[in-house]
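**Student:** Right, I'll just put the structure down here and ask away after.
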Amino acid sequence: MSKQSFYLTTPIYYVNSVPHLGTAYTTVAADTLARYRRMRGDDVWFLTGLDEHGQKVEEAAAAADMTPQEWVDKLDVEFKDAWKMLTISNDQFIRTTDDEHMRGVQALVQKLYDQGDIYAGTYEGWYCVPDEAYWAESDLEPANEEGERICPDCNRPLKYVEEENYFFKLSKYEDALLEWYAADPDCIGPETRYNEVVSFVKSGLRDLSISRSNVKWGIPLPWDESHTIYVWFDALSNYITAIGYGDPARADQFAYRWPAQYHFVGKDIVRFHCVIWPAMLMAAGIEVPEHIYAHGFLLTKGEKMSKSKGNAQTPASLVERFSVDGFRYYFLRDVSFGNDGNISMESMVQRYNGDLANDWGNLCSRLFNMVDKYCDGEVPDPTVHEDEDEGARLKEIAATLPDCVEDRMSKLNYGAALDAIWELVKETNRYLEESAPWALANEEPTLPRMRAVLYNALEAVRIVALFTAPSMPNTSAEVFVRLSLGDIWKIDDLVEAAKWGQIPIGNAVIKGDPLFPRIVED
């Protein structure tokens with residue numbers, strides 16, 4: 001049977017600053033789903049990249065005494081280095097300065113212009129430079145004491161602008177959008193974001209300015225090069241230009257990959273992705289994506305993390321302390337995808353020491369050491385032990401994992417999926433304590449049972465490594481190496497691989513260093 005395409009995207013990140021925890025969180029969540037779907041046999045295409053045009057980039061480059069191209073080239077390296085550090089397995093990295101992307105965007109806007117969905121007009125109103133967003137008077141609070149109008153999203157002052165623009169007939173697609181939402185309530189998640197979008201569209205849509213005459217760092221309109229394309233219209237198009245839209249040579253790829261199964265976005269850009277983007281696709285006669293899922297903000301002491309508040313951490317600083325897999329595990333286990341998540345160094349240390357050092361890391365260390373000591377460092381033969389109930393609870397939990405994890409991952413409930421896997425980790429630790437193989441090794445009559453106990457524990461560890469591989473890829477790969485099982489990333493049938501009893505008898509078992517050395521706080 002041929003594999004099924006699974007196309008997954010993150011937002012393309014704006015290059016006015018370096019990667020931060022928010023962008024890392026989105027990307028790790030997407031990477032975990034991509035790795036999981038590959039192990040379930042899907043033909044995954046995982047896209048991430050950079051949004052490199054617009055006024056903010058011009059300003060950031062000028063402040064750094066660089067040209068816009070020099071600036072975005074510098075940030076390109078920093079983002080790619082960050083994703084390499086976090087073992088992100090993206091299949092493609094798009095930049096909106098790529099020639100193929102720019103040609104695709106121009107093909108899209110030309111099509112909409114030719115069919116009358118884009119027209120010339122005058123924009124007069126409030127504009128947020130940091131968010132690259134226009135705001136209607138009705139969306140805003142009265143002026144503050146300084147006489148400023150404030151952006152409802154980022155709480156920074158707005159700028160009043162009046163200029164000749166080209167407009168997209170967004171209002172024309174109001175009914176079509178509402179019909180889509182009603183027909184497929186799962187198209188936007190979580191439910192709070194769905195309700196927010198439906199309410200917003202029902203309140204009425206205004207046509208959207210899609211060009212700027214005073215911003216030179218952007219893609220020129222093909223019929224009027226005195227205008228560049230509004231950065232959001234440019235950026236949103238990346239999801240189709242990346243896979244071949246506007247390129248006749250890649251038409252087959254586009255037909256195969258589109259529509260996307262998931263766009264992962266932050267909740268602050270939901271309206272762009274759930275209103276403007278599907279309207280653009282409808283206008284172009286292209287299918288809408290299957291799911292757009294918005295995660296929440298990362299909070300410290302109830303506040304959104306930001307450099308200005310002095311509460312921001314860099315991914316690199318946390319990886320240095322907790323390791324890549326410790327970093328990934330914490331954010332997947334403790335932050336419910338779709339909701340705001342309160343994070344702290346204290347909770348990270350607690351989760352790392354409790355789950356990773358004590359539960360999982362210690363299980364592997366003590367087990368591999370016992371196999372080395374009592375079985376000459378080889379997977380023992382359990383068949384001479386006649387007790388058929390030996391390890392029954394381990395087998396029972398392992399048998400439930402494929403369906404349980406699939407159900408929870410299909411709902412993007414990463415924490416619940418890890419909870420289910422941790423039942424097997426904890427039960428294996430309990431099994432070793434109760435069976436006491438070190439005592440069984442002291443008497444000849446109990447040696448067969450000792451071998452069976454260690455075999456069952458090794459098999460449970462193998463299965464745990466399989467299911468934790470998407471979230472903790474480095475650790476699972478290392479466990480497979482220590483069990484002499486080869487490359488874990490060649491597995492594309494997780495259900496079959498997770499069936500009990502597949503660890504080969506006689507395989508070398510390597511002790512190795514602790515997988516998660518315990519963190520001792522100062």
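Bear in mind these aren't lab numbers, they're just calculated from the coordinates by the rules spelled out. Keep in mind that this is a model prediction, so the values were computed, not measured. FYI the Cβ positions are ideal-geometry reconstructions off the backbone, even for glycines, and counts take in every protein chain you see.
**Student:** Calculate the tail of P(r) for the stretch 1-77: the fraction of all Cα-Cα distances greater than 20 Å, expressed in %.
**Tutor:** 45 percent
**Student:** Turning to a different aspect of this structure: In what sequence, highest mean first, do 509-515, 105-111 appear when ranked by Cβ atoms within 10 angstrom?
**Tutor:** Most protected by this proxy first, the peptides run 105-111, 509-515.
**Student:** Next question. Which whole number in µm²/s is D for the stretch 123-250 by Stokes-Einstein, with the Kirkwood Rh taken over Cα pairs at 20 °C and 1.002 mPa s?
**Tutor:** Translational diffusion coefficient: 126 µm²/s.
**Student:** Mind ordering 336-347, 240-251, 135-146 by average Cβ neighbours within 10 Å, highest first?
**Tutor:** In decreasing order of mean packing, 336-347, 240-251, 135-146 become 240-251, 336-347, 135-146.
**Student:** With unit charges on the beta carbon (Lys/Arg positive, Asp/Glu negative), name the residue among VAL371, GLN502, ALA284 whose Cα is farthest towards the positive pole of the charge dipole of the chain.
**Tutor:** VAL371
**Student:** Any aspartates and glutamates with Cα under 15 Å of the LYS511 Cα? List them, leaving off those in the same chain fewer than 8 positions away.
**Tutor:** Correct list for LYS511: ASP372, ASP376, GLU378, GLU478.
**Student:** Right, next: Could you work out the equivalent-ellipsoid semi-axes for the stretch 22-177, taking the square root of 5 times each eigenvalue of the Cα gyration tensor, largest first, in whole Å?
**Tutor:** 33, 23, 19
**Student:** Let me ask something else. Which whole-number percent of Cα pairs in the stretch 339-469 have a distance greater than 17 Å?
**Tutor:** Percentage above 17 Å: 61.
**Student:** The stretch 453-522 to the stretch 315-354: how many Å between their Cα centroids?
**Tutor:** Result: 22 Å between the Cα centres.
**Student:** Taking the inverse of the average 1/r across all pairs of different Cα atoms in the stretch 65-119, what Kirkwood radius in Å do you get?
**Tutor:** 13.8 Å
**Student:** Per-residue counts of other Cβ atoms within 10 Å, averaged by peptide: what ranking do you get for 411-418, 467-474, highest first?
**Tutor:** In decreasing order of mean packing, 411-418, 467-474 become 467-474, 411-418.
**Student:** Follow-up. Could you calculate the contour length gain from LYS426 to GLU443, that is, 0.36 nm times the residue separation minus the distance between their Cα atoms, to one decimal place in nm?
**Tutor:** Separation in residues times 0.36 nm, less the Cα-Cα distance, equals 3.4 nm.
**Student:** Can I ask one more? Please work out the ratio of the alpha-carbon Rg of the stretch 451-506 to 2.2 N^0.38 Å and round it to two decimals.
**Tutor:** Taking N as the residue count of the stretch 451-506, the ratio is 1.05.
**Student:** Starting from the coordinates of the alpha-carbon atoms of the stretch 411-497, obtain the Kirkwood hydrodynamic radius over all distinct pairs and give the value in Å to one decimal.
**Tutor:** Answer for the stretch 411-497: a Kirkwood hydrodynamic radius of 14.4 Å.
**Student:** Zone of ALA182 (label point 7 Å along Cα→Cβ, backbone N under 13 Å): which residues in the stretch 200-241?
**Tutor:** It comes to 202, nothing else.
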